[in-house]
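Each remark here refers to the structure printed beneath this line.
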Amino acid sequence: MRLVLAALRKPVAVLVAVLAILGAAGLAVNRMPVDIFPSLGAPTIYVAQPYGGMDPAQMEGYLTYYYEYHFLYIAGIEHVESKSIQGASLMKLVFHPGTEMDQAMAQVVGYVTRSRAFMPPGVVGPFITRFDGGSLPVGQLIFSSATRSPGEMQDIALNRVRPLFATLPGVSAPPPFGGNQRTIVIRLDPDKMRTHRISPDEAIKVVNRASTVQPSGNLRIGDFNTITQTNAALGGNLSELLSAPLRPGESPPVFLRDIATVENGTDIITAYAHVNGKRTVYMQVTKRADASSVDVLRRVRANLSAFKAVCPDDVDVRLEFDQSRFVTSALRSLVNEAALGALLTALMVLLFLRDWRGSLIVVATIPISLLAAVIGLWAFGQTLNIMTLAGLALAVGVLVDEATVEIENIHSNMAEGLNRARVVYE
């Protein structure tokens, strides 16, 4: 009731407050991030460890166990969940609410390094990422060409477009998906291997030795200092690899070409992308947790010409699956519902009560109340997302009911001859 008394005593202050709400709301709408979902800030870190060839029991015993053992030393850890499958282990680290996640991430990286000292040789580094509900793909960059293969398009997307794409503010640039990974395939002939009494392990060791990238050095000859080069790296001529000796001491010597063939092929395809019935390559537009989906997609659209400029003329780059449309559609629906509710309520007041001032009050009350709520959301660090917009849309119905009841009640009491200010107070 104190707010009602203050408004009756100082109407000019109320008018100034309304004008301040309008100004602050305009500032809030321009500066608030517009997103699909609110930032959940979940205190969770994922660690994914690959190791090809191991079955789930081996992954559990040789890798996952050591990770779980060391992760329990991390400050703020609540529990650790793990799942071991063939060739990979996925661990979920859940922390207590309020944990400083930057410090927790640093501790996770440190204990991952310590855990790897107890694991079998050849273990590669795991993938460590922090999960947040706001870090979601909001679109996809589609690469298409009538003349190039998916492998060529993936190479273009990875080495030409991704360096430009990753520099956009608020964008996280995952690698492209859908192309064939280039692989040098060496096919061993079992019959020839039995003839020369050579095991597959021997052939693997020879291939590794023949394709090792070794550092070069400087050779000083008198006053000259020349750079020495090693020819162990594979070049354009793959047949040179077949000249690697398997058993050079034998007579005649056995070379890799005697038991194998080599070809420039692709890795085993386990997944591929189809768009409009054709194989293609795409790159997900993944935003950071604190970025606005609408702003990120706006920057991507603005830089599409730059992406196309670094690609060959026969490769087209376009943005598809734009998720920001859901937010803009929800925002547009909220504005339409608020305007429709205000106009219909004002029309009802004007028709039944014959009061144009009451109609203007109704028209002004609903949008000002919603704008005040937006200022509150901005003050508490929230975003304009599907959930907050749905809450504001539900509030429109309450505002319409309240405005109608209040105006009608004031008119009913004024008909009995009471003072306007007293009626408003009652």
Failed item in (1) at pLDDT 85 or above; (2) touching a Ser or Thr at 6+ places or on another chain (Cβ under 8 Å); (3) charged (D, E, K, R), with R288 passing the rest: (1)
Subset tally (residues that are modelled with pLDDT under 80 and either among the aliphatic types (A, V, I, L, M) or not in a helix (DSSP H, G or I) (or both)) for region 351-362: 4
The lone exception for S84 - which of (1) small (G, A, S); (2) at pLDDT 90 or above; (3) assigned to a helix (DSSP H, G or I); (4) surrounded by 14 or more Cβ atoms within 10 Å (Cβ to Cβ) it fails: (3)
Checking P150 against (1) more than 23 Å from the chain's Cα centre (by Cα); (2) farther than 27 Å from Q284 by Cα; (3) surrounded by 18 or more Cβ atoms within 10 Å (Cβ to Cβ), the condition it does not meet: (2)
Filtered residues of region 356-407 (kept if under 15 Å from P33 (Cα atoms), of a type in the set (G, A, S) and open to solvent by 40 Å² or more (accessible area, probe 1.4 Å)): A379, G381
Scope region 89-103; condition among the aliphatic types (A, V, I, L, M) and open to solvent by 30 Å² or more (accessible area, probe 1.4 Å); matching residues: L90
So I21, is it of a type in the set (V, I, T), open to solvent by less than 60 Å² (accessible area, probe 1.4 Å) and in a strand (DSSP E or B): no
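So which of V300, V317, V335, V281 ends up being open to solvent by less than 80 Å² (accessible area, probe 1.4 Å) and either within 28 Å of W378 (Cβ to Cβ) or in a helix (DSSP H, G or I) (or both)?
Only one candidate passes the filter, namely V300.
Yes/no per residue for (1) surrounded by fewer than 10 Cβ atoms within 10 Å (Cβ to Cβ); (2) out of contact with any Leu (no Cβ under 6 Å at 6 or more places or on another chain); (3) without any contact (Cβ under 8 Å) to a residue 12 or more places away in the chain; (4) under 30 Å from V285 (Cα atoms):
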| site | (1), (2), (3), (4) |
| --- | --- |
| L164 | no, yes, no, yes |
| F177 | no, yes, no, yes |
| N180 | no, yes, no, yes |
| I184 | no, yes, no, no |
| D189 | no, yes, no, no |
| K205 | no, yes, yes, no |
| R209 | no, yes, no, no |
| N218 | yes, yes, yes, no |
| I221 | yes, yes, yes, no |
Candidate set from region 104-114 (those that are of a type outside the set (V, I, T) and under 12 Å from I74 (Cα atoms)); member that is least open to solvent (accessible area, probe 1.4 Å): A104
Those residues of region 252-278 which are in a loop (DSSP other than H, G, I, E, B), in contact (Cβ under 8 Å) with a residue 24 or more places away in the chain and under 28 Å from K192 (Cβ atoms), in sequence order: I259, D267
Exclusive hit being in contact with a strand residue (DSSP E or B) (Cβ under 8 Å, 6 or more places away or on another chain), open to solvent by less than 40 Å² (accessible area, probe 1.4 Å) and among the aromatic types (F, W, Y), set Y67, Y46, Y51: Y67
Pair list, Cβ under 9 Å, 6 or more apart: region 293-307 residue hydrophobic (A, V, I, L, M, F, W, C), other residue open to solvent by 80 Å² or more (accessible area, probe 1.4 Å): V296/R288; F307/R160
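A302: at pLDDT 85 or above and over 30 Å from S144 (Cα atoms), yes or no?
No.
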Evaluation of V12 against (1) open to solvent by less than 60 Å² (accessible area, probe 1.4 Å); (2) among the β-branched types (V, I, T); (3) in a helix (DSSP H, G or I) (one fails), failing number: (1)
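The values are calculated or read from the model by the stated rules, or taken from the named source; none is laboratory data. Since this is a predicted model, take the numbers as computed values, not measurements. For neighbour counting, all protein chains shown are included, and Cβ atoms are generated from backbone atoms with ideal geometry for every residue, glycine included. The protein model used for the area step is the full one, side chains on, heavy atoms only, and it has no ligands, DNA or RNA in it. Shrake-Rupley method; radii C 1.70, N 1.55, O 1.52, S 1.80 Å.
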